[in-house]
Each structure stands twice: as structure tokens, then as C-alpha cells.
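One structure is given here, and the rest of the page talks about it.
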Amino acid sequence: MSETRDGRREEIDAILDRKPGTSETRDEADRYTVVGAASRETFANWLTPIEEHFVCHRNPIPDGDADAWTIDLAGPEGSESELPLTEIVEDLPTVAVAHTMECAGNSRSQHDPETGSVQWGCEAAGTAVWTGTPVRSVLRAGGLDTGAAADNATDDENRWLTAIGDDSTEEETFARSIPLSKALDGCILAHGMNGEALPAEHGYPVRLVVPGWYGVNSVKWLAELRVMDGMVTEGSLDRPGTHARWQQDDYRIHPAGTTPEHADTVPIVDTGDQLESPAVDHPYTFDETVMSLIGQPTGEESVTPHEGGVTVRGVAWAGDDEVSGVAVSDDGGETWHDATLFGPDYAGAWRLFEYDWEPAPGTHTLASRATDEHGRVQPASIGTPEDGLDAIENGQFPWNGGGYAANAYLPNAIEVELTNEGDTK
Ligand SMILES: Nc1nc2c(c(=O)[nH]1)N[C@H]1C(S)=C(S)[C@@H](COP(=O)(O)O)O[C@H]1N2
Ligand SMILES: [Mo]
């Protein structure tokens, strides 16, 4: 036990060495390996350099060699095959997708009272350009009939793709299921990140990337892909130990004191729709909820206006939905001003926003609030455990037992102290 922990300490130190733009956050039980962006400045730029991109996983990084790596493929009718990664890379098309990776536990530390697990601030988010092979191409090369699924919406929705990581152990398998329709629509098996070979901590030699969905869906060190008639449940895989935990227990948005029920499939996939539906008690964390962060100023040092103005810049995202607008407040959310969206506009990746601020002297509380294409707005704060999922009706994000998917804007506000132009030197 303590050996594993020592090993993990070394692993984290090695990651921190390779990633000077990150700092670590530990969870009490010392189980996750996590580092996040060290500075708010990360959120003033569209592309997150690998050195600043957060890392999150539970078990030690498995050894992998791209030349010897194979992916097992299995279909619902019992068909099985194996594809060498070298063939996937050399024979199938290579594409690039932009994806804002956000840990479902991002902003968890804003829950009051505290929930368990990693007490992230807002640093577990980053945008990279991932290069790899479309899942569609891989499934077809493996002889799985994706055509029928794509042509028949009903079948398609009921079919799921389960991805399994090579960090699985005898005790637990790291498995996540996404609807096959999503897998065929823009998901890739990534072997490159920001133009470089995929780093070990991000899933070398190959990982799944699910654009716009919470990080947990993007399985690293990908060992197996399985087309199934439902989501992974206990007993649905021929594997030892628990294999439904990461789909059915953890990464569910459940009110205090409740235990999520396991299910084969869901009537609603969109995370926002699940949260709003009275028929869904324990939403799964699939697509990311609407969110924004200011990256400049950082709130980490005082700011001197230039000709009376300060440029406020940040990023806003809404999973696989569009961001329709961002507003900025300099009085802690009392009044709001429209910011301008600019820069790259890819499904699944954040947008940049900018606001020309003409501040009065003194100290101000700067906050940003994004709206998505469905008119969903970031809530102001996080509710109490007693409010349950109904908090959302009062403009609050529901406090939940796992501390997932929090997107309130006030907890991420920054205090900005202004200095007079004449005073500096
Ligand atoms: N195999 C495997 N894949 C995994 C994980 C893991 O523990 N094992 N962690 C997931 C979680 S919780 C997140 S947030 C993302 C983080 O991806 P990154 O470390 O590349 O930022 O990886 C996901 N993929
Ligand atoms: Mo995560």
C-alpha cells in the first residue's frame, strides 16, 4: 500500500517537472494523481500548452509502447478482433479535433460543506488540439458494422461504446460508456497532442477524445473498445473486480445521502437536460455544462489601467453546444456588460471573450457569466445539500455528493486591485 503511494509521489513529482505551468492538488485519501493549471493566465489563451494542461487519473500510469500496442474490439453479436496501433495510425485517416477537457470535479472545492475527493479550484480545464483516428474508421476497420447504427436513429441511441483503459487492475476496471452516436460523431483515438506525441500522463500511446464532454469520458491508455446494447454495468464485461463504478456510482450528480441507481441506458443524454428533468434523479456527467473563466487580469497582482482602460479576457465553453454570449461584472454580479466573443470557433472547444473595462479607482470583484445556445446561463452560486437538485430552479448549481459539474460564476470571481497610472514606476 505505502509502496504504491511512494510510487505515486514519484509519478507526481515527475509530472510536475515536465509541466512547470501546473501545481498539484491532493485528495485526502491520496489516491488520485492530479495537477492543474498553476495560474489564471492559462485562461487568457485559446490553446493550453501541454506544460499547463491539467492531469487527472487514479491508478499509476501503465507502461506502453506504440509499436507493440493493440486495441481489442468487440461487437454486440460476440464478434471480436484486435487492431495493432501501428495499423490504425498508418492505414486509417488522421484528423485533428479541438477539445476543451474539463474534469467533472472542476470547481469541486466550492461546495459547502466540502464533498470528498480532489478539492480542485477552477484549474482542471484546458484546450488542446488532439490528432488521431476517427472512432468510426477504427470500428469499421475492426469489422464492426457502424453503418446500420448510423442509419437508424433508434438503434443508434440504444447502442453504447464502452472504452477500457490499460490502467485497469484485478480489483477495478476503468471503463466508460458513451452513446455510439456520439462516438461516431467527432470522437477520435488520439495519438498526438498540440503537435507532439501524446505524453505518458495524457494517455500514451493512445486515448479516446470525446469533444466537449467531461474528461472522464476520454479514456486514456486505451486497451479495448466494445460496442454494446447498453452502458457498462456490473457483470456486463468479462473482467474481474468492479467495472461499473466509474459509470454508475462515481461521476453521477446525486443529492446528499442518495445512492445512484445503476441503469443500462438513459432516456436523456445531455447533462443540462438531465439536470432539468424531473424524471432524472442522478444525472450522468456526459457533456460539459456552460462555464467561463477570466484569465486576464489574473487577480494575482494589482493592475494599472492604460489610458483609463483594462482589457478583460477569458474563455467560455458549453460542452458540445455553442456559447451564445458572455457578460462581465465588476461589482460581484450586481450589473453586467456584454463581452465580445472572438477567435477560433470549434464545436467542443472554448471561445475567447474580451471586454474593454473602464474601471473606477479601487478594488473590484470581476466575474464572468456565459450563456449557451439553449439560453442556459451559469448560476451564481452553489446551493445547500438540503436544496437537492431543485437548487437549479433558484439560480444555483445543485450541491451534490460527488461535487461534480459545478459551474457557478461567483466562486470563480477575482478581486482586482487597481493602482493609479501616475503612481507606478
Ligand atoms: N484510463 C483512464 N482514463 C482516464 C482517467 C483514468 O483514471 N484512467 N481519468 C479520467 C479523468 S477523471 C479525466 S478528468 C481525464 C483527464 O485527462 P488528462 O489527464 O489528459 O487531462 O482523463 C480521464 N481518462
Ligand atoms: Mo476527472
Do we have THR48 as surrounded by fewer than 22 Cβ atoms within 10 Å (Cβ to Cβ), in contact (Cβ under 8 Å) with a residue 12 or more places away in the chain and not aliphatic (A, V, I, L, M) here?
no
Apart from one, (1) modelled with pLDDT of 95 or more; (2) away from ligand 2 (no atom under 16 Å from the Cβ) all hold for ARG252; the odd one out is (2)
Selection from the range 54-74 of residues more than 16 Å from ligand 2 (Cβ to nearest atom) and either in a strand (DSSP E or B) or over 20 Å from ILE188 (Cβ atoms) (or both) yields PRO60, PRO62, ASP63, ASP65, ASP67, ALA68, THR70, ILE71, ASP72, LEU73, ALA74
If you go through GLY319, GLY257, the only one that is in contact (Cβ under 8 Å) with a residue 12 or more places away in the chain and either under 30 Å from THR419 (Cβ atoms) or within 16 Å of ligand 1 (Cβ to nearest atom) (or both) is GLY319
I'd like to verify a number: residues in the range 96-144 that are in a strand (DSSP E or B) and at pLDDT below 95, how many?
0
Please list, ordered by first then second residue, the pairs with beta carbon atoms under 7 Å, 6 or more apart or interchain, first in the range 157-175 and over 16 Å from LEU225 (Cβ atoms), second within 16 Å of ligand 2 (Cβ to nearest atom) and among the charged types (D, E, K, R).
GLU172/ARG245
Return the residues of the range 214-245 that are among the hydrophobic types (A, V, I, L, M, F, W, C), on the phi < 0 side of the Ramachandran plot, within 13 Å of ligand 1 (Cβ to nearest atom) and assigned to a loop (DSSP other than H, G, I, E, B); say none if nothing qualifies.
VAL219
Checked the range 186-203 for anything in a loop (DSSP other than H, G, I, E, B) and touching a helix residue (DSSP H, G or I) at 6+ places or on another chain (Cβ under 8 Å); matches are CYS187, ASN194, PRO199
Pick from ALA98, ALA128, ALA124: which is within 16 Å of ligand 2 (Cβ to nearest atom), among the hydrophobic types (A, V, I, L, M, F, W, C) and touching a Phe, Trp or Tyr at 6+ places or on another chain (Cβ under 7 Å)?
ALA124
Take the conditions charged (D, E, K, R), within 16 Å of ligand 2 (Cβ to nearest atom) and assigned to a loop (DSSP other than H, G, I, E, B) and apply them to ASP167. Does it pass?
yes
Can you pull out every residue in the range 101-122 that is within 11 Å of ligand 1 (Cβ to nearest atom) and crowded, with 21+ Cβ neighbours inside 10 Å?
MET101, GLU102, CYS103, ALA104, GLY105, ASN106, VAL118, TRP120
Could you check, for the range 33-40, whether at least one of its residues is assigned to a loop (DSSP other than H, G, I, E, B), within 16 Å of ligand 1 (Cβ to nearest atom) and surrounded by 15 or more Cβ atoms within 10 Å (Cβ to Cβ)?
yes
Hey, among THR289, THR304, THR365, THR371, which residue is more than 25 Å from THR115 (Cα to Cα) and under 24 Å from the mean Cα position of the chain (by Cα)?
THR371
Sole residue being more than 30 Å from GLY401 (Cα to Cα), within 16 Å of ligand 1 (Cβ to nearest atom) and part of a helix (DSSP H, G or I), chosen from GLU90, GLU51
GLU51
All conditions in (1) within 16 Å of ligand 2 (Cβ to nearest atom); (2) under 24 Å from GLN274 (Cα atoms) are true of LEU184 except (1)
Where a residue in the range 344-357 is over 10 Å from GLY319 (Cβ atoms) and at pLDDT 95 or above and its partner, wherever it lies, is among the small types (Gly, Ala, Ser) and part of a loop (DSSP other than H, G, I, E, B), with Cβ under 8 Å and at least six apart:
ALA349/GLY212; ARG351/GLY343; LEU352/GLY343; PHE353/ALA339; GLU354/ALA339; TYR355/ALA339
Can you confirm whether the range 2-11 contains a residue that is part of a loop (DSSP other than H, G, I, E, B) and of a type in the set (D, E, K, R)?
no
Test for GLU224: is it under 18 Å from GLN248 (Cα atoms), more than 16 Å from ligand 2 (Cβ to nearest atom) and either crowded, with 21+ Cβ neighbours inside 10 Å or not basic (Lys, Arg) (or both)
no
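The values are calculated or read from the model by the stated rules, or taken from the named source; none is laboratory data. The model shown is predicted, which means the values in this text are computed figures rather than measured ones. When we count neighbours, we look across all protein chains shown, and the Cβ atoms used for this are built from the backbone with ideal geometry, even at glycine.
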